[in-house]
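Q: Sharing a structure below in structure tokens format, with a few things to ask.
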Amino acid sequence: MQKVKMIAQGRVQGVGFRWGVYSLALEIGGITGRVWNNEDGTVSILAQADSSASMAKFIQEIRKGPTPFAKVSYLDVTMANFDSFSDFKISN
């Protein structure tokens with residue numbers, strides 16, 4: 001299982017970014033985790049997938065911006081170790 005933590009910077013709050021990440025995870029399938037806004041204007045994502053191909057596609061699409069009005073100027077992706085999730089949810 002591949003687990004990553006991502007921090008997205010750019011126009012990522014107030015543009016449906018978290019909803020777009022959630023929808024993208026469901027569309028690709030096999031991706032579970034959490035997405036939430038940070039006080040500094042960034043968005044954090046914890047994601048896990050059994051398939052490295054699914055995770056690569058997920059990361060690639062997030063870099064593009066998962067909604068038409070989102071613009072990701074920088075995406076920090078690091079391997080992470082966290083408790084497994086059974087679904088994907090938007091957190092507050």
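The values are calculated or read from the model by the stated rules, or taken from the named source; none is laboratory data. Quantities reported herein were computed from a predicted structural model and do not represent experimental measurements. Don't worry about glycine lacking a Cβ; one is built from the backbone with ideal geometry, like all the others, and counts go over all protein chains shown. Accessible surface is based on the protein model in full, side chains and every heavy atom, while ligands, DNA and RNA are left aside. Shrake-Rupley method; radii C 1.70, N 1.55, O 1.52, S 1.80 Å.
Q: Given (1) over 16 Å from V12 (Cα atoms); (2) open to solvent by less than 60 Å² (accessible area, probe 1.4 Å); (3) not polar (S, T, N, Q), identify the lone condition not met by V72.
A: V72 satisfies all of (1) over 16 Å from V12 (Cα atoms); (2) open to solvent by less than 60 Å² (accessible area, probe 1.4 Å); (3) not polar (S, T, N, Q) except (1).
Q: Testing T32 on (1) in contact (Cβ under 8 Å) with a residue 60 or more places away in the chain; (2) touching a helix residue (DSSP H, G or I) at 6+ places or on another chain (Cβ under 9 Å); (3) not aliphatic (A, V, I, L, M), one condition comes back false. Which one is that?
A: Failed condition: (1).
Q: Now for a different question. Looking only at residues that are β-branched (V, I, T) and farther than 17 Å from K71 by Cβ in the range 9-34, which one is surrounded by the most Cβ atoms within 10 Å (Cβ to Cβ)?
A: It comes out as I31.
Q: Count, please, the residues in the range 3-29 that happen to be within 21 Å of A80 (Cα to Cα) and free of Cβ contacts under 8 Å to residues at least 24 places away in the same chain.
A: Matching residues across the range 3-29 total 0.
Q: Among K64, K71, which is the only one that is in contact (Cβ under 8 Å) with a residue 60 or more places away in the chain and over 18 Å from K5 (Cβ atoms)?
A: One residue alone meets the criteria, K71.
Q: In the range 42-92, which residues are within 15 Å of L24 (Cα to Cα), in a loop (DSSP other than H, G, I, E, B) and in contact with a Ser or Thr (Cβ under 8 Å, 6 or more places away or on another chain)?
A: Listed by number, the residues that qualify are P66, D87.
Q: Further, regarding this structure: Could you tell me whether any residue of the range 53-61 is without any contact (Cβ under 8 Å) to a residue 24 or more places away in the chain, open to solvent by less than 70 Å² (accessible area, probe 1.4 Å) and within 12 Å of the chain's Cα centre (by Cα)?
A: Yes: one or more hits.
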